[in-house]
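Some notes on the structure that comes next.
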Amino acid sequence: MLPFFARLGGLLVGTCLLIVPPVGAQCQDLVLATTTSTQDSGLLDSLLPVFRAESGIEVKVIAVGSGAALAMARTGDADAVLTHAPEAERSYVESGDLVEGRRIMHNDFLLVGPADDPAGIRGADLATAMRRIAAAGPFVSRGDGSGTEKKELELWKAAGVAPERIGRREETGQGMGATLLVASERRGYTLTDRGTYLALRERHELVPLVEGDPRLLNVYHAYVVNPARHVKVKPREARALVEFLASGPAQAMIGTYGRARYGQPLFFPDAVKELP
């Protein structure tokens with residue numbers, strides 16, 4: 001195992017020169033396909049320089065919806081993935097495209113909207129809130145196949161609402177940060193992960209209106225793209241990154257990230273030895 005965080009107070013930003021590799025060796029790199037929430041929240045900007053300093057591995061981040069990130073694993077266009085769509089992930093594990101998964105962290109989803117709450121969803125149960133939004137609108141969806149959109153569609157189904165019949169539902173086709181800003185401009189409602197909501201709270205005027213329901217749990221997993229199926233991937237580097245994210249010191253960083261600025265962490269460390 002790589003000596004991650006050998007000196008926690010030491011190097012936070014590294015280069016290949018700092019690692020002092022053997023003569024002739026070069027920096028290694030890998031492609032991480034991940035959801036926009038890990039990028040928009042700034043979490044990866046905090047973690048990845050430490051990983052590079054300790055390992056000499058440069059991570060090229062492709063931040064898209066979870067659906068698109070998983071599709072990159074299926075085509076072998078990523079070496080590792082970090083996503084938050086457990087049901088969708090399961091099919092990729094079963095197909096053999098993803099291996100060596102680790103549960104990394106969680107936060108939760110929020111239904112947010114204008115402070116004056118014209119649809120009257122504040123404090124309502126999830127099904128009632130979704131039906132009231134469907135009747136009053138507008139609702140702004142990511143519409144990008146992300147884990148967040150999958151959760152949104154799950155909530156419409158549980159409420160007995162067909163989203164295609166909602167007159168004031170629009171899809172941005174963009175990430176969580178952009179979708180929050182559009183919803184704010186429209187004085188509409190949206191579903192967001194808490195981390196991105198907090199990270200961008202100075203740029204929008206939305207407030208949490210429904211939260212705390214167990215069905216709003218938002219779990220993130222990291223995987224290695226299977227080299228037995230995709231011969232061009234880099235399993236050594238991908239394994240190093242997954243193990244880093246699940247390591248004790250990285251988990252400690254995840255657990256404190258955002259606390260000083262927002263008064264609460266944006267994510268909660270959740271690493272376990274095996275997936276639930």
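Would you be able to tell me the number of residues in the stretch 50-63 that are of a type in the set (A, V, I, L, M, F, W, C) and more than 14 Å from Ala80 (Cβ to Cβ)? Quick ask: steps written out before the conclusion?
Of all residues in the stretch 50-63, those of a type in the set (A, V, I, L, M, F, W, C) come to 50-51, 53, 57, 59, 61-63.
Going one step further and asking which of them are more than 14 Å from Ala80 (Cβ to Cβ), we end up with 50, 53.
Selection size over the stretch 50-63: 2.
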Filtering the stretch 85-136 for residues that are out of contact with any Pro (no Cβ under 8 Å at 6 or more places or on another chain), basic (Lys, Arg) and touching a residue at least 40 places away in the same chain (Cβ under 8 Å) leaves a count of 2
Evaluate the following for Val231: is it outside the structural domain of Val99 (by TED's automatic domain parsing) and either surrounded by fewer than 21 Cβ atoms within 10 Å (Cβ to Cβ) or farther than 20 Å from Ala73 by Cβ (or both)? no
The correct count of residues that are surrounded by fewer than 17 Cβ atoms within 10 Å (Cβ to Cβ) and in a helix (DSSP H, G or I) in the stretch 66-79 is 1
With respect to the numbered conditions (1) within 18 Å of Ile121 (Cα to Cα); (2) surrounded by fewer than 18 Cβ atoms within 10 Å (Cβ to Cβ); (3) in contact with a Phe, Trp or Tyr (Cβ under 9 Å, 6 or more places away or on another chain); (4) not hydrophobic (A, V, I, L, M, F, W, C), which one is the sole condition not fulfilled by Gly188? (2)
Residues satisfying the stated conditions in the stretch 154-176, i.e. in contact with a strand residue (DSSP E or B) (Cβ under 9 Å, 6 or more places away or on another chain), part of a helix (DSSP H, G or I) and either among the small types (Gly, Ala, Ser) or outside the structural domain of Asp116 (by TED's automatic domain parsing) (or both): none
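Please indicate, with yes or no, whether at least one residue in the stretch 36-51 is acidic (Asp, Glu) and assigned to a strand (DSSP E or B). Outline the logic, then answer.
Here is the first cut: in the stretch 36-51, the residues acidic (Asp, Glu) are 40, 45.
Next cut, assigned to a strand (DSSP E or B) only: none.
No, the stretch 36-51 contains no residue that is acidic (Asp, Glu) and assigned to a strand (DSSP E or B).
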Consider Ala63 carefully, then state whether it is part of a helix (DSSP H, G or I), under 14 Å from the mean Cα position of the chain (by Cα) and within 27 Å of Leu200 (Cβ to Cβ). no
The one condition Ile121 fails out of (1) modelled with pLDDT of 95 or more; (2) in the same structural domain as Phe244 (by TED's automatic domain parsing); (3) not in a strand (DSSP E or B) is (2)
Within the stretch 179-229, which residues are among the charged types (D, E, K, R) and touching a residue at least 60 places away in the same chain (Cβ under 8 Å)? Arg187, Asp193, Arg194, Arg201, Glu205, Glu211, Asp213, Arg215, Arg229
From the list Leu180, Leu198, which one is touching a helix residue (DSSP H, G or I) at 6+ places or on another chain (Cβ under 8 Å), in a helix (DSSP H, G or I) and either at pLDDT below 95 or of a type in the set (S, T, N, Q) (or both)? Leu198
Step by step: first the residues of the stretch 85-102, then only those that are in contact with a helix residue (DSSP H, G or I) (Cβ under 8 Å, 6 or more places away or on another chain), modelled with pLDDT of 95 or more and not in a helix (DSSP H, G or I), then the one that is surrounded by the most Cβ atoms within 10 Å (Cβ to Cβ). Which residue is that? Leu98
Out of (1) more than 30 Å from Ile57 (Cα to Cα); (2) part of a helix (DSSP H, G or I), what's the single condition that is false for Arg187? (2)
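The values are calculated or read from the model by the stated rules, or taken from the named source; none is laboratory data. As the structure is a prediction and not an experimental result, all values here were calculated from the model. Cβ coordinates were reconstructed from backbone atoms using ideal geometry, including for glycine residues, and neighbour counts include every protein chain displayed.
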